[in-house]
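For reference, the structure discussed in these notes is given below.
The values are calculated or read from the model by the stated rules, or taken from the named source; none is laboratory data. Because the structure is predicted, anything quoted here is derived from the model rather than measured. A quick note on method: Cβ atoms are made from the backbone with ideal geometry, for glycine too, and the neighbour counts reach across all protein chains shown.
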Amino acid sequence: MPRPPTYYHPLRNFRSSLGLSQPAFGARIGVSGVTIQQIENGLLPMSVKLALRICIIFKTKPREFLSAETCIKFKRQLEPMIEFYHYLVEPTPDIPIAAPRRHQERV
């Protein structure tokens with residue numbers, strides 16, 4: 001009989017707080033439930049790409065589902081990408097959006 005793991009990744013608490021099973025959570029972010037299980041049990045490291053996907057899909061910050069050490073490790077790579085994504089998706093009201101130019105007809 002397999003022993004229960006002695007380590008649980010913080011992703012487990014984040015996923016369970018959403019009320020999602022491992023396969024359902026994996027399906028939402030584009031990986032298998034087995035991949036989520038391996039990350040949560042410490043058998044597979046979390047990639048920057050997967051962390052970015054979780055941030056974007058669930059509109060959250062990395063500190064919600066990563067350990068403090070991993071946040072520090074990923075911080076330099078993740079923050080500019082997340083800020084750029086939010087800039088593309090949610091334009092800020094203080095930045096004016098220019099109206100399209102109309103071509104003037106030649107006389």
Any chance Phe84 is modelled with pLDDT of 85 or more, in a helix (DSSP H, G or I) and of a type outside the set (A, V, I, L, M): no
What about Arg53, is it out of contact with any Gly (no Cβ under 8 Å at 6 or more places or on another chain) and assigned to a helix (DSSP H, G or I)? no
The condition of being among the aliphatic types (A, V, I, L, M) and modelled with pLDDT under 85 holds, among Ala51, Ala68, only for Ala68
Select from the range 30-74 the residues that are within 10 Å of the chain's Cα centre (by Cα) and of a type in the set (Val, Ile, Thr) and write down the one among them that is surrounded by the fewest Cβ atoms within 10 Å (Cβ to Cβ). Ile57
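Which of the residues belonging to the range 5-28 are part of a helix (DSSP H, G or I) and surrounded by fewer than 17 Cβ atoms within 10 Å (Cβ to Cβ)?
The answer is Asn13, Ser16, Ser17, Pro23, Ala24, Ala27, Arg28.
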Quick one: what pairs do we get from the range 17-38, first residue farther than 13 Å from Ile54 by Cβ, second surrounded by 13 or more Cβ atoms within 10 Å (Cβ to Cβ) and among the aromatic types (Phe, Trp, Tyr), C-beta under 8 Å, 6+ apart or different chains? Gly33/Phe25
